[in-house]
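First comes the structure, then the notes that go with it.
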Amino acid sequence: MPWGAAIRPGKEGGMDIANSVLDLIGNTPMVRLTSVADDAPCQIVAKLETTNPGGSAKDRPALSMIDDAERRGLLRPGGTIVEPTSGNTGVGLAIVAAQRGYNTVFVVTDKVAPEKVDLLRAYGGEVVVCPGAVEPDDPRSYYSTAERLTNEIPNSFRPDQYSNPANPLAHFETTGPEIWDQTDGRITHFVAGAGTGGTLTGVARYLKGQSREVKIVAADPEGSVYSGGSGRPYLVEGVGEDFWPPTYEPELVDRVIAISDRESFLTARRISSEEGILIGGSGGTAVAAALRLAPELGPDDLVVVLIPDSGRGYLSRVFNDDWMTGYGFVSNDGVTVGDVVQAKHGDVPALVYVQPDDQVRQAAAAMKQHEVSQLPVAKGDMPLAAAEVMGSIDELRIMGAAFKDPSVMDRCVGDVMSPRLPTVGIGQTVETAVEMLDRAPALLVIDGGRPRSVVTRADLMAFVSQDTDNSTMGER
């Protein structure tokens, strides 16, 4: 498909009325960030993709990919659109499907917020949820599941936003020209999240075609491949990858800035409360990268940061205080679990755990070495993601199983492990931990979305005893 200019519908009979909701995609506004960027030496403006009909930037490639599929005869009347998505592309595709009479099946990971799943279903889509903490080629992954469903469902079409050239083309034809015109060609830096790569590639192609001086900056979650990670699970949705999509052209990107889940979520909350713009976690990633970049720039620089979607799809997570505290992103007032972790003595590593493929005797040896009675079972190297914790194993379970069958010591931990330990946020109160430990012998402490330590009843008793002896409990 040629990289050409987009043709958009105009007014009819003097009336400014769109013929369909699809005609409302694009032409999104820009606004200066005046509060969070007040002390920045440069201008930072936000391109608000939240005003698209589906509430995100993904409406643009959704329409582009379906238009292209129809022209090429890949999608026929009454067909079914199958796509793996974090939610936003699915919404865009569902809107196009509703207008043109197609069925939709969307495959999402279990880290997608429940309101996003409900939204896809509200548009008439069927939703299949897959585990996020698996490799891309695992049959359970959302990529593999989408491929299987495409092969099984008659008259189906998978747009495949990760390799479809119509994805970046949509941004070359619409988003790039809009940004250039809205800034009167004065843009010096463009910042956007690195997901499929469609937005960065399409916008970069257009802007660099206008001026080679424009710098393209990719905002990436820590752990994603774009910033040098392995793609291990992180909590921010819609950006980052565990493989290199064909739609991403790294030679067009001048810089990649890695942003943690914590910084992404806290920035999103800050933008919403201080600027009055409700944005999602991936928007927080992009704004955080722009703010990280700003001190290096000057008064003649104009940074455009793309806000891909609204925070309405994340009310149960990023904007839910209980969820944020439970994952260790914010803290309650008073004495917290973090104080207990800080007070633990000895040379025990921050988190001792075993892999599911380790032998049970290795788990028993680790418990003896570190003088603990239970261990988390997780797949992967530190730093772990919460989703990579698969279960737990304890002394009593090992002793009971080995008494009945001594050969169990040579079996894999994954064959005999118990369910995961309950989790507690590092910023949650000690009182909360006490209540939870009434029902469990130990808790897995989560800090910034990642497992950090294990707290037991003995740890809590030692902490309380220490504080009582030092008369500091009431002063914390």
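Going residue by residue through segment 299-308, is there one that turns out to be surrounded by fewer than 24 Cβ atoms within 10 Å (Cβ to Cβ) and within 30 Å of MET461 (Cβ to Cβ)? For segment 299-308, residues surrounded by fewer than 24 Cβ atoms within 10 Å (Cβ to Cβ) and within 30 Å of MET461 (Cβ to Cβ): absent. Taking the criterion of being at negative phi and free of Cβ contacts under 8 Å to residues at least 60 places away in the same chain, the residues of segment 219-238 that qualify are GLU222, SER224, VAL225, TYR226, SER227, GLY229, SER230, VAL236. Tell me yes or no: at least one residue of segment 93-110 is modelled with pLDDT of 95 or more, of a type in the set (Ser, Thr, Tyr) and either in the same structural domain as THR183 (by TED's automatic domain parsing) or buried (at least 19 other Cβ atoms within 10 Å of the Cβ) (or both). Yes, segment 93-110 contains a residue that is modelled with pLDDT of 95 or more, of a type in the set (Ser, Thr, Tyr) and either in the same structural domain as THR183 (by TED's automatic domain parsing) or buried (at least 19 other Cβ atoms within 10 Å of the Cβ) (or both). Against the numbered list (1) touching a helix residue (DSSP H, G or I) at 6+ places or on another chain (Cβ under 8 Å); (2) part of a helix (DSSP H, G or I); (3) not small (Gly, Ala, Ser), PHE403 comes up short only at (1). Can you say whether LEU421 is among the hydrophobic types (A, V, I, L, M, F, W, C) and at pLDDT below 95, as far as the supplied structure shows? Here the answer is no, as LEU421 does not meet what is asked. Considering segment 309-343, the residues that are among the acidic types (Asp, Glu) and surrounded by 15 or more Cβ atoms within 10 Å (Cβ to Cβ) include one that is farthest from the chain's Cα centre (by Cα), namely ASP339.
Mind listing whichever residues of segment 249-270 are surrounded by 23 or more Cβ atoms within 10 Å (Cβ to Cβ) and either at pLDDT below 95 or not acidic (Asp, Glu) (or both)? Selection gives ILE259, SER264, PHE265, THR267, ALA268. Would segment 386-403 turn up any residue that is closer than 18 Å to GLY338 by Cβ and either touching a strand residue (DSSP E or B) at 6+ places or on another chain (Cβ under 9 Å) or of a type in the set (Lys, Arg) (or both)? Looking for residues that are closer than 18 Å to GLY338 by Cβ and either touching a strand residue (DSSP E or B) at 6+ places or on another chain (Cβ under 9 Å) or of a type in the set (Lys, Arg) (or both), one finds at least one in segment 386-403, hence yes. Among the residues of segment 271-298, those that are surrounded by 24 or more Cβ atoms within 10 Å (Cβ to Cβ) and either closer than 19 Å to TYR234 by Cβ or charged (D, E, K, R) (or both) comprise ILE279, GLY280, GLY281, SER282, GLY283, GLY284, THR285, ALA286, VAL287, ALA288, ALA289.
Sort through ILE187, ILE153, ILE179 and tell me the only one that's surrounded by fewer than 18 Cβ atoms within 10 Å (Cβ to Cβ), β-branched (Val, Ile, Thr) and either in contact with a Ser or Thr (Cβ under 6 Å, 6 or more places away or on another chain) or assigned by TED's automatic domain parsing to the domain that holds VAL305 (or both).
Numbers: ILE187 fails: surrounded by fewer than 18 Cβ atoms within 10 Å (Cβ to Cβ); ILE179 fails: surrounded by fewer than 18 Cβ atoms within 10 Å (Cβ to Cβ).
Going through ILE187, ILE153, ILE179 in turn, the sole match is ILE153.
Scanning segment 54-74 for residues that are surrounded by fewer than 24 Cβ atoms within 10 Å (Cβ to Cβ) and not in a helix (DSSP H, G or I) turns up GLY55, ARG72, GLY73, LEU74.
The values are calculated or read from the model by the stated rules, or taken from the named source; none is laboratory data. As the structure is a prediction and not an experimental result, all values here were calculated from the model. Every residue, glycine as well, gets a Cβ built from its backbone with ideal geometry; the counts of neighbours run over all protein chains shown.
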